[in-house]
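First the structure, in the form of structure tokens, and then the observations on it.
The values are calculated or read from the model by the stated rules, or taken from the named source; none is laboratory data. All values derive from a computational prediction rather than experimental measurement. All Cβ positions, even for glycine, are placed from backbone atoms using ideal geometry, and neighbour counts span all protein chains on display. Surface areas here come from the heavy atoms of the whole protein model, side chains and all, with no ligands, DNA or RNA. Shrake-Rupley method; radii C 1.70, N 1.55, O 1.52, S 1.80 Å.
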Amino acid sequence: MLEIKNLNVTVEEKQILKNLNLNIGKGEVHAIMGPNGSGKSTIAHTLAGKPNYNVESGEVNLNGEDLLSKDPYERSLNGLFLAFQYPIELPGVTNASYLKQIVNAHRKSRKETPIDAGEFLKILKEKSKLLDIPMDMHSRFVNTGFSGGEKKKNEVLQMDLLDPSLIIMDETDSGLDVDALKTTADAINKLRNDERSFIIITHYLRLLEYIEPDYVHVFQNGSVIETGDKTLASRIDQEGYS
Ligand SMILES: Nc1ncnc2c1ncn2[C@@H]1O[C@H](COP(=O)(O)OP(=O)(O)OP(=O)(O)O)[C@@H](O)[C@H]1O
Ligand SMILES: [Mg+2]
């Protein structure tokens, strides 16, 4: 599904990703672990098309198509979803209106009519309940004044509403309390299927005990230095990176 070949990326003229190679098959869950500053978020931002992340060389193909030549919104319409490490606040835009608009943008790209208000509310209620998100949160401005954990859950809710084929989660577990971590992991597990792939960036074994990855990659200095199965995450948890 996703092929990353010899990817070199600079940010503000500093080389961050160095000859990165990574292949993700359909339905696979890949975890990326690695010390602070090793380039994990940079890979997430580069795949999503964040401006100022300059691809100097290399290729990225998603479902056989060149990803890097597409605008961020096209990448989203093509099935890529990034749950941010630091979700942004959008004062002035209510969460309900934002969520409805992203759903409708995706429907429009599939040449479908906008979602009916009643149907949207029903789906929003169902999916919010799954994540223990109170409905009154949707009448507030997007992420504005939300707690750290509430922002992370709101990212997972967006992911659930959009039905993406490649999900990148950048430290979605950081900031979640123990119960919220379990609730969120259950919601993520419900989204697992043979067609959908995940890249889960995390520092903690805890999440990977709930969402069992097929592969674990260790990032260091902008590239993958080791790949293993879920036992690699346990080893890192016990022994650290050094
Ligand atoms: N605009 C920038 N200018 C200079 N350096 C930058 C810039 N943006 C990112 N970097 C550097 O790139 C490196 C990789 O950052 P990145 O956010 O990808 O790390 P990370 O692995 O996600 O770390 P963490 O685990 O702390 O989230 C860091 O050393 C960071 O300081
Ligand atoms: Mg990061």
> In region 110-144, how many are free of Cβ contacts under 8 Å to residues at least 40 places away in the same chain and on the phi > 0 side of the Ramachandran plot?
Replying inline: 1
> Is one or more of the residues making up region 147-168 modelled with pLDDT of 95 or more, within 16 Å of ligand 2 (Cβ to nearest atom) and open to solvent by 70 Å² or more (accessible area, probe 1.4 Å)?
Replying inline: no
> Of everything in region 10-46 that's within 14 Å of ligand 2 (Cβ to nearest atom) and β-branched (V, I, T), which residue is surrounded by the fewest Cβ atoms within 10 Å (Cβ to Cβ)?
Replying inline: V11
> Hey, any hits in region 156-169 for a residue that's under 30 Å from K18 (Cβ atoms) and part of a loop (DSSP other than H, G, I, E, B)?
Replying inline: yes
>> Among the listed residues P114, P51, P91, identify the single one that is open to solvent by 60 Å² or more (accessible area, probe 1.4 Å) and within 16 Å of ligand 1 (Cβ to nearest atom).
In response: P51
> So which residues in region 8-42 are without any contact (Cβ under 8 Å) to a residue 40 or more places away in the chain and within 11 Å of ligand 1 (Cβ to nearest atom)?
Replying inline: E13, K14, N36, G37
> If we scan region 68-83, do we find a residue that is open to solvent by less than 80 Å² (accessible area, probe 1.4 Å), within 20 Å of D214 (Cα to Cα) and within 11 Å of ligand 1 (Cβ to nearest atom)?
Replying inline: no
> Taking region 163-189, which residues are within 12 Å of the chain's Cα centre (by Cα) and either away from ligand 1 (no atom under 16 Å from the Cβ) or not aliphatic (A, V, I, L, M) (or both)?
Replying inline: P164, S165, L166, I167, D170, E171, T172, D173, I188
> Does F120 qualify as being at pLDDT 95 or above and touching a Pro at 6+ places or on another chain (Cβ under 6 Å)?
Replying inline: no
>> For region 184-233, give me every one of the strands (runs of 3 or more DSSP E) that falls completely inside it and has 2 or more residues that are modelled with pLDDT under 95 and surrounded by 15 or more Cβ atoms within 10 Å (Cβ to Cβ).
In response: none
